[in-house]
Ligand SMILES: Nc1ncnc2c1ncn2[C@@H]1O[C@H](COP(=O)(O)OP(=O)(O)OP(=O)(O)O)[C@@H](O)[C@H]1O
Ligand code: SF4
Ligand SMILES: [Mg+2]
């Protein structure tokens, strides 16, 4: 049985005097215990909103969340505010993008880790601080006993993110959501943080939802990948399958736009043309149509539905043909 | 921290020295003067001349200033010749200063005790009726002249309803004096009647004086809390499942207090202007009242001392603000 079952998750933002805006549009996916699932897509496709909706962290006013988020048979969307508070930090943890702004500047690192333990495990401050030092050690922060009495501005960017990971994992949650945890960091640090995350979730059997726009991150970490476009899942596949044979033109474009060391010399990178602002609404078309090299007339008239193609989920009228077929066509 | 404090205090000495010269020159440049104020316009030239010599006003101004400075350094700021003729300026200051401090402290307590919680609640209920009502109320509070508010309060609660006293600091006449702060004195000596009486005398003037600081503290708190509520670290705190009270206390209010502390300092420093008006309406014997009287009667020694003391208070309050800022914000403390 899945640990987390997201079904038809929809988030509509309504600001006074503005048109309602659907940021997440009927998203469904599962996370098995211990599994790492990727949510991939470019800026504004609804990755963060999806994760905040699962955590119950969207603003109370102005955001309408529908659908269901089943966590071990409890629909998180139906819990009261206080019931959800009991779960956050204990059953579900979250790591955010910008480690500096995500830490309270006027409180020591130690207290910021310890407060989770005090809250959910009823520890005394003293015991929680000892435990916090142990956790900082575990996430690779040197000299943890000194660090617990330091403030966020005294730590480096990578160490701050390590501290945030320690907080999110302090109570051994069964699900961790990491929302672009490396985007704000130096490239060398990024790799360290990713391998730390990978090691931690493997050791503890924690399930991980990895949110990123970087397919390199997905390749190194995820078991299964959901590609989001305009608030909807457009393709879902097991990692190797997705990288070997991207079927959705958007996924294909994403992969073609990463530089590859093994590519023949002189081959040009193929970035996706246009930007999210070219989107058309999903109502009666494919939102990607204005940017899609495969677009047909039907794409602008009929919304593509999600369909299973073998073990893969696709939302496309005219998917990219598997490489084998392509070469056959070419040789004819 | 200690070195910083010492440096600031030394700066303060320099500032006060420069200020003393400016005030000295400025007072003597004012139209009128103590002679006309004391003798009236129809005095004979001889009596005017005698007084001028007696007050030392016949000498060049820099000679006057150096003499003043020399005496000031020994603690002698001259003798009042208008507000309380015969009393030294220093004695006059020392008996009146505690009154103004007591009044100001109560005014600031009112501003803080009401301004911060209401500001927080308004921010949490942003756009709701409570928010709108308190924001409008605070605008009114800032716009109403202190003088008018003081009269209004006095008229309603002292004159019409008669529930609170209308003037002076205390009606009890045989109270024991310890610190010069009458409420505190009453508590120390356990003369509860005297303490309560002094407290009742403070209520109306403190409300009149505290209204503007209250409105300002309210607005700054509200704005600061709105800012902090949008911060990523509040979302992190929420993601850890902390209770609403803990998030409010540890994560929201503590950060929101940074601009509020500065505001409280500035308002405290600016309180003297309001105190002049309030003390006059309520015949409250503090330095504000003496300042007004001193100007009327051109009492140079008293004015000189009071203005410099006001400046000193202002500088000290700002130093305290900076120190408490460092106490709240480790980014300043641990550099
Ligand atoms: N509180 C909000 N009110 C209104 N609209 C919002 C709000 N939060 C997000 N949105 C909108 O929802 C859409 C999806 O935002 P989201 O933050 O999920 O994007 P993302 O995929 O995480 O992108 P990025 O890679 O930039 O983080 C965006 O168009 C954004 O403007
Ligand atoms: S549905 Fe049409 S426009 Fe959309 S991705 Fe598929 S081919 Fe392109
Ligand atoms: Mg995001």
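The values are calculated or read from the model by the stated rules, or taken from the named source; none is laboratory data. Here the structure is a predicted model, which is why all the values come from computation and not from measurement. Using ideal geometry, Cβ is built from the backbone for each residue, glycine included, and neighbour counts are taken over all protein chains shown.
So here's what we get for this one:
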{"quantity": "Among the candidates A:117, A:164, residue that is within 14 Å of chain B (Cβ to nearest Cβ), modelled with pLDDT of 95 or more, outside any loop (DSSP other than H, G, I, E, B) and in contact with a strand residue (DSSP E or B) (Cβ under 6 Å, 6 or more places away or on another chain)", "calculated": "A:164"}
{"quantity": "Qualifying residue in the stretch A:79-93 (condition: within 11 Å of ligand 1 (Cβ to nearest atom) and surrounded by 15 or more Cβ atoms within 10 Å (Cβ to Cβ))", "calculated": "no"}
{"quantity": "Residue list for the stretch A:120-134, restricted to those being in contact with a helix residue (DSSP H, G or I) (Cβ under 6 Å, 6 or more places away or on another chain) and within 13 Å of another protein chain (Cβ to nearest Cβ)", "calculated": "A:128, A:132"}
{"quantity": "Filtered residues of the stretch A:173-210 (kept if within 16 Å of ligand 1 (Cβ to nearest atom), more than 14 Å from every other protein chain (Cβ to nearest Cβ) and not in a loop (DSSP other than H, G, I, E, B))", "calculated": "A:190, A:210"}
{"quantity": "The stretch A:31-62 - residue that is buried (at least 18 other Cβ atoms within 10 Å of the Cβ) and more than 15 Å from ligand 3 (Cβ to nearest atom) and, of those, farthest from residue A:201 (Cα to Cα)", "calculated": "A:56"}
{"quantity": "Residue satisfying condition, being within 9 Å of another protein chain (Cβ to nearest Cβ), over 21 Å from residue A:176 (Cα atoms) and either out of contact with any helix residue (DSSP H, G or I) (no Cβ under 7 Å at 6 or more places or on another chain) or buried (at least 23 other Cβ atoms within 10 Å of the Cβ) (or both), within set A:105, A:142, A:152", "calculated": "A:152"}
{"quantity": "Test result for residue A:27, more than 14 Å from chain B (Cβ to nearest Cβ), more than 10 Å from ligand 1 (Cβ to nearest atom) and touching a helix residue (DSSP H, G or I) at 6+ places or on another chain (Cβ under 7 Å)", "calculated": "yes"}
{"quantity": "Qualifying residue in the stretch A:78-85 (condition: touching a strand residue (DSSP E or B) at 6+ places or on another chain (Cβ under 8 Å) and either in contact (Cβ under 8 Å) with a residue 40 or more places away in the chain or facing chain B (nearest Cβ under 10 Å) (or both))", "calculated": "no"}
{"quantity": "Any chance residue A:12 is in a strand (DSSP E or B), more than 14 Å from chain B (Cβ to nearest Cβ) and either closer than 23 Å to residue B:241 by Cα or within 16 Å of ligand 3 (Cβ to nearest atom) (or both)", "calculated": "no"}
{"quantity": "Pair list, Cβ under 8 Å, 6 or more apart: the stretch B:121-135 residue surrounded by 15 or more Cβ atoms within 10 Å (Cβ to Cβ), other residue not in a helix (DSSP H, G or I)", "calculated": "B:131/B:125"}
{"quantity": "Condition met for residue B:33 (over 30 Å from residue B:333 (Cβ atoms), touching a helix residue (DSSP H, G or I) at 6+ places or on another chain (Cβ under 8 Å) and surrounded by 12 or more Cβ atoms within 10 Å (Cβ to Cβ))", "calculated": "no"}
{"quantity": "Any chance residue B:285 is in the same structural domain as residue B:329 (by TED's automatic domain parsing) and over 22 Å from residue B:168 (Cα atoms)", "calculated": "no"}
{"quantity": "Matching entry among B:159, B:135, B:113 (being under 23 Å from the mean Cα position of the chain (by Cα) and assigned to a helix (DSSP H, G or I))", "calculated": "B:113"}
{"quantity": "Flag for residue B:292 being touching a helix residue (DSSP H, G or I) at 6+ places or on another chain (Cβ under 8 Å) and free of Cβ contacts under 8 Å to residues at least 24 places away in the same chain", "calculated": "yes"}
{"quantity": "Helices (runs of 4 or more DSSP H) enclosed by the stretch B:193-283 - at least 3 residues per element that are away from every other protein chain (no Cβ under 14 Å), within 16 Å of residue B:100 (Cβ to Cβ) and in contact (Cβ under 8 Å) with a residue 24 or more places away in the chain", "calculated": "B:254-269, B:271-281"}
{"quantity": "Matching residues, the stretch A:55-75, being within 14 Å of chain B (Cβ to nearest Cβ) and in contact with a helix residue (DSSP H, G or I) (Cβ under 7 Å, 6 or more places away or on another chain)", "calculated": "A:55, A:56, A:57, A:58"}
